Amino acid sequence: MAESVTIARPYAEALFRAAKESGNLAKWAEQAATLAQVAASPDVRSAIGDPNVAAPQLVDLFRSACGTAVDAELANFIQLLSNNDRLGLLPEIAGLYETYKRAEEGTKQAEIISAFPIDDNQVKALVPQLETVFKTRLETSVSVDPTLIGGIKVIVGDQMLDASVRGKLDAMATALNN
């Protein structure tokens, strides 16, 4: 995994620079996500790995699968990746691009894990407090993990805020064992 991300990084950086110069980061993010979805499909994965499928055929496959969802600039990017045998890296490239886009916009992805389902109003009330704690704007996703017993756990990048009952019990167990 780390190797593919390392190989994908220069392509993602080049894509990000081109998107930034065009002034439309969001549009390019959507197109990169579309390309990643196409590349991740099992049929396309097998075509990418098939030595009998030539690079121009792969480019045509991507263009037909994406249709008008991808403009000429990203079609050229597909051609570049195909020529360098890197089409399989599109999911990693799209993920890195999204990371660069969020950094440019000053936002980070926050995963809120709750012991019980929480509604949109609760999330909207929670986000400003979390943005104060993490000192950045946050885009959130919410999941439920009943093993937390109660409370929430928030993961932003490599930082974690654990305000769950399970976290408190684990901390007490550690303190008692020491």
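The values are calculated or read from the model by the stated rules, or taken from the named source; none is laboratory data. Quick caveat, the model's predicted, so the values are computed rather than measured. Quick reminder, even Gly has a Cβ in these numbers, built from the backbone with ideal geometry, and neighbours come from all protein chains shown. Surface accessibility is based on the protein's heavy atoms, side chains included, excluding ligands, DNA and RNA. Shrake-Rupley method; radii C 1.70, N 1.55, O 1.52, S 1.80 Å.
Summary of values
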read-out	value
Segment ALA171-LYS135, extension gain: residue separation times 0.36 nm, minus the distance between their alpha carbons	10.5 nm
Segment 60-135, Cα convex hull volume normalised per residue, Å³	165
Volume per residue of the C-alpha convex hull in segment 116-160, rounded to whole Å³	81
Sparse-neighbour loop sites [trypsin sites (Lys or Arg not before Pro); segment 127-178; at most 13 other C-beta within 10 Å; DSSP]	LYS135
Cα-based Rg / Dmax (Å) for the chain	20.5, 64
Inter-label distance, nm, simple model (7 Å from Cα along the C-beta direction), ALA18/GLN37	2.1
The chain - accessible surface per residue (Å², probe 1.4 Å)	59
Listed residues THR132, THR34, THR99, most fluctuating in the chain (Gaussian network, C-alpha, under 10 Å)	THR132
Sites ASP71 and VAL5 - FRET efficiency at Förster radius 45 Å, r taken between beta-carbons, to 0.05	0.95
Rounded to whole Å, sorted largest first: equivalent-ellipsoid semi-axes of segment 1-67, Cα gyration tensor	23, 16, 11
Rg(Cα)/(2.2 N^0.38 Å) for segment 82-178, N = residue count	1.38
Selected from PRO117, PRO128, PRO91 as most flexible by GNM, with the chain as the system and alpha-carbon contacts under 10 Å	PRO117
Rg in Å to one decimal, and Dmax rounded to a whole Å, for segment 19-111 via C-alpha atoms	13.7, 44
GNM top mover of ALA32, ALA19, ALA163 - the chain, alpha-carbon springs below 10 Å	ALA163
